[in-house]
Amino acid sequence: NVALQGGGIEHEATTCTSSPQRCGSATVSDTTFQSNTTTAFGGGGFEAQHNDSSTPLCPTSTQATCQLVGGAHSTLTRDTFVGNAAMTEGGGAANFGTMAVGDSTFVNNRIIGTSIGDDGGAGIQTTGPLTVSQSTFSANTSQYGANIHTYEDGPTDVANGVAPTVGVSTSIIS
């Protein structure tokens, strides 16, 4: 698969046209993301977003939870990301929301862009909270954070309490 962003799956946080507005979450289990590519942005295998509170997703005065900082909520369980490539960040997965990864494998993913800024997280790139448990990262290739890379996506996110935090437990990173 080849896409502008989110080569295998692109998860947007909300549906603005429903009343009341509905927040989406993505749960992906027992899935293999293999040989997916992006041509302009990130998330070779999987991309989840929205976490920028400075730009409302929907034109209402009351934003739903998913439209605020850390908005897209994604859970990846027992998934395999192998041989995916992203132009800018997140060769395996790009997280621009809140993500939990468990019992998953990220192998041979890479960043293919050569411009400044095309350089982070061949396994996972995150700008929001990320929790990883019992997962394996190996042979991923990028200029920064070959396996996991955190990136502050502007001062708005940090000011609103969503810094790119990562918690990793019982995992293999080689």
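The values are calculated or read from the model by the stated rules, or taken from the named source; none is laboratory data. Owing to the predicted nature of the structure, the values given are computational and were not obtained by experimental measurement. Heads up, the Cβs are rebuilt from the backbone with ideal geometry, glycines too, and the neighbour counts pull from every protein chain shown. For accessibility, only protein heavy atoms count, side chains too; no ligands or nucleic acids. Shrake-Rupley method; radii C 1.70, N 1.55, O 1.52, S 1.80 Å.
Some notes on this structure:
- In the range 28-46, the residues that are surrounded by fewer than 16 Cβ atoms within 10 Å (Cβ to Cβ) and of a type in the set (D, E, K, R) reach residues that are part of a loop (DSSP other than H, G, I, E, B) and modelled with pLDDT of 95 or more with C-beta atoms within less than 8 angstrom, at least six apart or across chains, in these pairs: 30/78; 30/79.
- Applying the condition of being open to solvent by 30 Å² or more (accessible area, probe 1.4 Å) and of a type outside the set (Ser, Thr, Tyr) to the range 75-90 and asking which residue is farthest from residue 30 (Cα to Cα) yields 87.
- Residue match in the range 17-27 (condition: within 22 Å of residue 135 (Cα to Cα), crowded, with 17+ Cβ neighbours inside 10 Å, modelled with pLDDT of 80 or more and hydroxyl-bearing (Ser, Thr, Tyr)): no
- All conditions in (1) open to solvent by 60 Å² or more (accessible area, probe 1.4 Å); (2) under 17 Å from the mean Cα position of the chain (by Cα); (3) at pLDDT below 85 hold for residue 160, with the sole exception of (2).
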